[in-house]
Amino acid sequence: MREAPTIVVFTGAGISQESGIPTFRDEEGRGLWERFRPEELATPEAFAAHPEVVWRWYRWRFEKVRAASPNAGHLAIASWQARFPTLLVVTQNVDRLHQRAGSRDVVELHGDLWTARCDRCGREVEMTAAIDMPGEPPRCGCGGRYRPNVVWFGETLPYAAFERAHRAAAGCDLLLVVGTSARVYPAAGLIEVAAAAGSAIVEVNRDETPLSPLATRTFRGAAGAVLPRLADELERWLSRS
Ligand code: OAD
């Protein structure tokens, strides 16, 4: 980090785990996809077949997200903004915890659970309002149904977000990869893009991932413990030099 002018932080569900938000998959079988089948909940086909089940599941997830607060990992990343003004956070998370921790430049690759959008006209409403509307899911004035504003399996990522993330990964000096199982593409491919372009890759994860071999340096542990330590070390070094 001392030698890297351009830093991209790439995060997944693991960084929010210590805020009480369940991850999707992990080595101990506690992830959401160990308990629910993605194709039954996180696909356009599932929403068409069982809109009320999908809506209720996302409402449950939203309530968890709403009750959660950023943890020491999110706060450490936000604290680096002052040191590295061009630092970009690219996240697969839909919980807005980076923004709530104070990170200003955040690319959301998989959408945002704090909004819902009409599946017909595209109108967006705040999730806080949508969950109080009648209907599971509620209806839009145009007759369509509100759905969570997230990316489902089989859907494409928001173009502008992915394009910016791709450009940033291809041009950074350091990619700090935190709490992602690196299994879901195209997001995970950003790690390969950065590695191929010669960037240093630092991985912070409790467990090994398929892309761990690309890492220049690996910290095995909880993001909420490792990131504040990295921040402390960096501060110590910077105050000495
Ligand atoms: P996963 O749940 O697949 O992976 C979480 C990773 O974080 C695993 O490698 C865990 O070992 C690790 N982990 C868990 N707790 C941790 C902690 N406290 N500190 C550090 N690491 C920890 O989450 P993602 O990689 O984000 O997509 O999943 C990618 C996408 O799959 C999600 O965005 C979601 C899902 O399907 C969509 O919904 C489109």
Calc'd 3J(HN,Hα), the stretch 88-97, phi into Karplus 6.51 cos²θ - 1.76 cosθ + 1.60 (θ = phi - 60°), Hz, glycine/Pro = x, comes to 10, 9, 10, 10, 8, 7, 10, 9, 6, 5
Rounded to the nearest 5, the percent of DSSP beta bridges in the chain running antiparallel is 30
Rounded to the nearest 5, the percent of antiparallel DSSP beta bridges in the stretch 100-241 equals 55
FRET efficiency for Arg104 and Arg164 from the Cβ-Cβ distance with R0 = 22 Å, rounded to 0.05, comes out at 0.95
Burial-style ranking of 4-13, 43-52, average other-beta-carbon count within 10 Å with highest first, yields 4-13, 43-52
Quick numbers on the stretch 13-134, Rg and Dmax over C-alpha atoms in Å, give 15.7, 49
For the chain, the Cα-Cα pair-distance distribution in 10 Å bins from 0, as whole percents, is 7, 31, 35, 18, 7, 1, 0
Rounded to 0.05, the calculated FRET efficiency for the beta carbons of Glu39 and Asp173 at R₀ = 30 Å is 0.15
Amide H neighbours of Arg145 at under 5 Å, excluding residues fewer than 5 places away on the same chain, with H built from the backbone geometry, are Asp119, Arg120, Cys140
Among the DSSP H helices of the chain, those whose Cα atoms extend at least 30 Å along the helix axis and whose mean Kyte-Doolittle hydropathy is 0.5 or higher are none
Note on the stretch 11-85: the mean projected area of its alpha-carbon convex hull, in nm², is 6.4
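Express in nm, to one decimal, how much length is gained between Thr216 and Arg120 on full extension, taking 0.36 nm for each residue of separation and deducting their alpha carbon distance.
On the way: separation 96, 0.36 × 96 = 34.56 nm, distance 4.57 nm.
Computed gain between Thr216 and Arg120 is 30.0 nm.
Throughout, read-outs are computed from the coordinates displayed, never taken from laboratory work. This one's a predicted model, so the numbers in the text were calculated from it and none came from an experiment. We place every Cβ from the backbone using ideal geometry, glycine too, and count neighbours over all the protein chains shown.
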